[in-house]
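Visitor: My questions all concern the structure below.
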Amino acid sequence: MSGSNFSKKFIFNEKLDANYLYSLYEDDYQYIEEIFLTTLANFNEDFNSIKDAFETNNISDLKRAIHKMKPTFGFVGLPLVQNICKEFEDICQNATSSNELTSEYQQIVVTLAESKELIASEYNKLKEFNSNFL
């Protein structure tokens with residue numbers, strides 16, 4: 001075990017729950033980088049499923065797509081976004097038309113897009129940080 005891997009801590013963006021990330025992964029920054037990369041690799045497909053379901057007024061697919069994406073945000077230290085997804089999923093439960101969800105949908109789409117940018121930015125920082133230890 002090399003002591004250099006433990007001598008410097010990665011400083012996560014303040015919007016991320018760093019304590020939660022450390023509780024999941026400790027200081028395995030290479031693994032955290034992989035988690036962020038995997039999240040980004042699947043993000044657009046999952047995000048598009050949400051948008052497609054809303055636009056085609058398919059509430060059950062919308063609920064399913066949100067449900068599928070929800071845990072992702074916990075894995076990358078965004079439990080608040082995970083909770084927003086849960087709240088939207090709950091709202092979908094009682095909706096009969098996407099028209100009933102327009103306001104909430106517009107808010108969650110913005111939140112998800114901003115989250116993607118944050119995850120991408122943090123991934124790039126992690127990648128650079130980890131490259132200094134190879």
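The values are calculated or read from the model by the stated rules, or taken from the named source; none is laboratory data. Predicted, not measured: the structure shown is a model, and the values here were computed from it. Cβ: placed from backbone, ideal geometry, glycine included. Neighbour counts: every protein chain shown. Heads up: the accessible areas ignore ligands, DNA and RNA and are worked out on the full protein's heavy atoms, side chains in. Shrake-Rupley method; radii C 1.70, N 1.55, O 1.52, S 1.80 Å.
Visitor: If you scan the range 29-74, which residues turn out to be open to solvent by 60 Å² or more (accessible area, probe 1.4 Å) and aromatic (Phe, Trp, Tyr)?
Guide: TYR31
Visitor: Let me ask you something else. Name the pairs: first residue in the range 42-55 and under 15 Å from CYS85 (Cα atoms) and touching a residue at least 24 places away in the same chain (Cβ under 8 Å), second residue among the polar types (S, T, N, Q) and open to solvent by less than 70 Å² (accessible area, probe 1.4 Å), Cβ to Cβ under 6 Å, at least 6 apart or on different chains?
Guide: What qualifies is PHE54/SER98.
Visitor: Test of understanding: among ASN13, ASN83, ASN19, which residue is closer than 30 Å to SER98 by Cα and polar (S, T, N, Q)?
Guide: ASN83
Visitor: Quick check, is SER103 open to solvent by 10 Å² or more (accessible area, probe 1.4 Å) and in contact (Cβ under 8 Å) with a residue 12 or more places away in the chain?
Guide: So SER103 does not fit the description; no.
Visitor: Follow-up question, since we're still on this one. Being open to solvent by less than 80 Å² (accessible area, probe 1.4 Å) and outside any helix (DSSP H, G or I) is the filter here, so list the residues in the range 106-134 that pass it.
Guide: Listed by number, the list holds a single entry, PHE133.
Visitor: Would you check if there is a residue in the range 1-12 being modelled with pLDDT of 95 or more and among the aliphatic types (A, V, I, L, M)?
Guide: So far as the range 1-12 goes, no, none of its residues is modelled with pLDDT of 95 or more and among the aliphatic types (A, V, I, L, M).
Visitor: Then there's this: Could you count how many residues in the range 39-50 are of a type outside the set (Ser, Thr, Tyr) and in contact with a Phe, Trp or Tyr (Cβ under 9 Å, 6 or more places away or on another chain)?
Guide: 2
Visitor: Here's something else I'd like to know. Which fully enclosed helices (runs of 4 or more DSSP H) of the range 13-105 have 3 or more residues being closer than 30 Å to PHE129 by Cα and more than 15 Å from the chain's Cα centre (by Cα)? Before you say what the answer is, go through the steps one by one.
Guide: Details: elements: 18-25, 29-55, 59-75, 79-94.
Hits in the range 13-105: 18-25, 29-55.
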